[in-house]
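Novice: Would you mind keeping the following structure in view while I ask a few things?
Values quoted throughout were computed directly from the atomic coordinates according to the rules given, and no laboratory measurement underlies them. Since the model is a prediction, treat every value here as computed from it, not as a measurement. Every residue, glycine as well, gets a Cβ built from its backbone with ideal geometry; the counts of neighbours run over all protein chains shown.
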Amino acid sequence: MITVSHISKLYKTGDIETVALSDVSFEIKKGEFVAIMGPSGSGKSTLMHILGALDQPTSGEYNLDGESISKANDDELADIRNKKIGFIFQAFNLLPRTSALKNVMLPMAYAGIPESERLVRAKKYLEMVGLGNRMDHTSNQLSGGQQQRVAIARGLVMDPAILLADEPTGNIASNQAAEVMDIFTKLHEKGHTIVMITHEPDIAEYAKRVITIRDGKILEDKKNK
């Protein structure tokens, strides 16, 4: 599903060169639940941007679902993001005075999916994340945990090849975090491929495999029990 081969990322500011990633390689198979873990400044956010087709590596190869991304242009990257990647962000990124249902329908509108189908799919995924009775509530009427569930439903509606979650519990209380992580566990059991970025060891424990990154390099790649 994902093949990262010898990826490096350099940033230049004037004459100063910063190495964000250095010769990173790994594979993620279809249906895996992988956490990418590391402290602030480790390179995990840069790696997430590359995995999410939001940025390109300076060198190396990235293949997603059989498609090479490393040489894709901006339009091709946007198409890959829309069709193959479901994003879940720490900040939820929901429209505040818009219903949960309309927030989930939004990516499908951009993809030109007919409204009748958008409605059916949005309801299906909101029910899947336990918000069948809150569909008409606006996002600012929902708790942090409920907002993150809306974001998960929105990330799933395009049936992406991978679900990419960036610090998905970073903005919610610990009891709500456990509920959100239970949803990820159930999605994994249903066969979804999940890549989660986190700096929290207890959250990484929910994944079946943890890749630890530090100073732009892979420190450890281990399976959880």
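Novice: Estimate the FRET efficiency between N171 and E127 by the formula 1/(1 + (r/R0)^6), using the beta-carbon distance for r and 25 Å for R0, to the nearest 0.05.
Specialist: 0.60
Novice: Right, next: Between E200 and E17, what length comes free when the chain is fully extended (0.36 nm per residue of separation minus the Cα-Cα distance, one decimal in nm)?
Specialist: On the way: separation 183, 0.36 × 183 = 65.88 nm, distance 2.91 nm.
Difference between extended and current length: 63.0 nm.
Novice: Calculate the dipole size of the chain relative to its Cα centre from +1 charges on Lys and Arg beta carbons and -1 charges on Asp and Glu beta carbons; express the result in debye to the nearest 20.
Specialist: In total the dipole reaches around 620 debye.
Novice: Which lysines have a Cα lying under 25 Å from the Cα of K12, excluding residues fewer than 8 positions away in the same chain?
Specialist: Partners found: K44, K71, K217.
Novice: Here is a further query. Exceeding 18 Å between C-alpha atoms, which entries from my cross-link table qualify? They are K30/K190; K124/K190; K124/K186; K9/K84.
Specialist: Cα-Cα > 18 Å for K9/K84; rest within.
Novice: Using all Cα-Cα distances in region 42-106, what percent lands in each 10 angstrom bin from 0 up to the longest?
Specialist: Per 10 Å bin, starting at 0, the Cα pair percentages come out as 18, 44, 27, 10, 0.
Novice: Per residue of region 25-36, what does 6.51 cos²θ - 1.76 cosθ + 1.60 with θ = phi - 60° give for ³J(HN,Hα)? Whole Hz please, x for Gly and Pro, Karplus curve as stated.
Specialist: Listing the rounded values in order: 9, 6, 10, 10, 7, 4, x, 6, 10, 10, 9, 9 Hz.
Novice: Using label points projected 7 Å from each Cα along Cα→Cβ, tell me how many nm separate L119 and S59, to one decimal.
Specialist: 5.5 nm
Novice: Quick one: plug the Kirkwood hydrodynamic radius of region 85-224 (C-alpha pairs) into Stokes-Einstein at 4 °C, 1.567 mPa s, and report D in µm²/s.
Specialist: Once the numbers are plugged in, D ends up at 84 µm²/s.
Novice: Mind running the shape call on region 112-179? Use the C-alpha gyration tensor, a ≥ b ≥ c as the square roots of the eigenvalues: rounded below 1.5 for a/c, prolate if a/b tops b/c, oblate otherwise.
Specialist: Judged from the Cα gyration tensor, region 112-179 comes out oblate (a/c at least 1.5, b/c at or above a/b).
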